[in-house]
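The values are calculated or read from the model by the stated rules, or taken from the named source; none is laboratory data. A quick note: this is a predicted structure, and the numbers were derived from the prediction, not measured. Note that each Cβ is placed from the backbone with ideal geometry, even for glycine, and that neighbours are counted across all protein chains shown.
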Amino acid sequence: MLTIYAIPHSLYCAKLRIALRHKQLDWKEEPPPSGVGSDKYRSIIPSGNLPTLKDGEFVLGDSEAIIEYLEEAYPDNPLMPENPRQRARYREMSRFHDTRLEPALRQFFPLVDPATRDHDIIGAAIIAMNARLEQLGTMLSGFDNGQLRLFDCGYPITFIWLRVITDRLGTAVQWPENVVAYDNWLSSTPSVAEEIAHYMPHVEAWLATKLGTTQ
Ligand SMILES: N[C@@H](CCC(=O)N[C@@H](CS)C(=O)NCC(=O)O)C(=O)O
């Protein structure tokens, strides 16, 4: 049985669970021992990264490295094609999520709490996000949606956060038409739909703490 160290509202932990669900692997989930950033957790994984995978004695951090490992160690229900150029393209798309789109989303998180909300920063975050969404729309035009792929695991959760946060802030970003179609397709795939059902309560709980609406 695989173990993953995870925290409930982590986007990258959700990304990993989408891959685990798609590959129909069994796993158990544990919080980081003694908490996020603790010495105890860093003695298991020096970077303190969440998610981290434990497969027997083998311990590995970083959602992307973990999914690539699972793909090689458990090849059933693949997320990667055979062709080297297609594989490279999937990796490019996945890194665009992890190093470009999601960091643009991260700018919004501190803006949810009314105490740290700043309208100039919101405006700048929207401009930066619109540029990334436009780039994503162009990059997606080379793909047909059929079966879930490596790079599909990160995007749906980032899209959810972007929608709920911009809604709560009473603002909006510009969604290219094909990105909306991509999001709709992603949400209709079984592994993503299952993860969304599992994950949404944690999104709502996080928002409630930031907005001071917890009971
Ligand atoms: N590139 C990493 C990013 C993961 C990440 O940012 N995880 C956050 C939680 S969402 C984390 O590890 N926080 C704890 C820490 O940085 O000590 C991955 O894909 O796993």
Taking the conditions exactly as written (crowded, with 19+ Cβ neighbours inside 10 Å, under 23 Å from A208 (Cβ atoms), more than 10 Å from the ligand (Cβ to nearest atom) and not β-branched (V, I, T)), does R17 satisfy them or not?
yes
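Suppose the filter is more than 30 Å from N77 (Cβ to Cβ) and among the hydroxyl-bearing types (S, T, Y); does T166 pass it? Walk me through it before giving the result.
Values: more than 30 Å from N77 (Cβ to Cβ): yes; among the hydroxyl-bearing types (S, T, Y): yes.
Yes; evaluated as a whole, the condition is true for this residue.
Show me the helices (runs of 4 or more DSSP H) found entirely inside region 65-181 where at least 1 residues are touching a Pro at 6+ places or on another chain (Cβ under 8 Å). Steps first, answer last, please.
Details: elements: 84-96, 102-106, 109-112, 119-140, 155-169.
Hits in region 65-181: 84-96, 119-140.
Does N77 meet the test of being modelled with pLDDT of 95 or more and within 20 Å of M1 (Cα to Cα)? Even if it seems obvious, please write down each step before you answer.
Working: modelled with pLDDT of 95 or more: yes; within 20 Å of M1 (Cα to Cα): yes.
Yes; evaluated as a whole, the condition is true for this residue.
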E177: surrounded by fewer than 17 Cβ atoms within 10 Å (Cβ to Cβ), in the same structural domain as A131 (by TED's automatic domain parsing), within 24 Å of I67 (Cβ to Cβ) and not hydrophobic (A, V, I, L, M, F, W, C), yes or no?
no
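Quick one: in region 73-117, which of the residues that are among the aliphatic types (A, V, I, L, M) and farther than 20 Å from A128 by Cα is farthest from the chain's Cα centre (by Cα)?
Residues of region 73-117 among the aliphatic types (A, V, I, L, M): 73, 79-80, 88, 93, 101, 104-105, 111-112, 115.
With the extra rule that they be farther than 20 Å from A128 by Cα, the set shrinks to 73, 79-80, 88, 115.
Details: A73: 22, L79: 16, M80: 18, A88: 20, A115: 26 Å.
Among residues in region 73-117 that are among the aliphatic types (A, V, I, L, M) and farther than 20 Å from A128 by Cα, the one farthest from the chain's Cα centre (by Cα) is A115.
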Could you tell me whether any residue of region 141-152 is farther than 23 Å from T189 by Cβ and of a type in the set (G, A, S)?
no
Between a residue in region 49-61 that is more than 17 Å from S38 (Cα to Cα) and among the charged types (D, E, K, R) and any residue that is more than 7 Å from the ligand (Cβ to nearest atom) and assigned to a strand (DSSP E or B), which pairs come within a Cβ distance under 9 Å, given they are 6 or more apart or on different chains?
K54/L2; K54/T3; K54/I4; K54/Y5; K54/E30; K54/L60; D55/L2; D55/T3
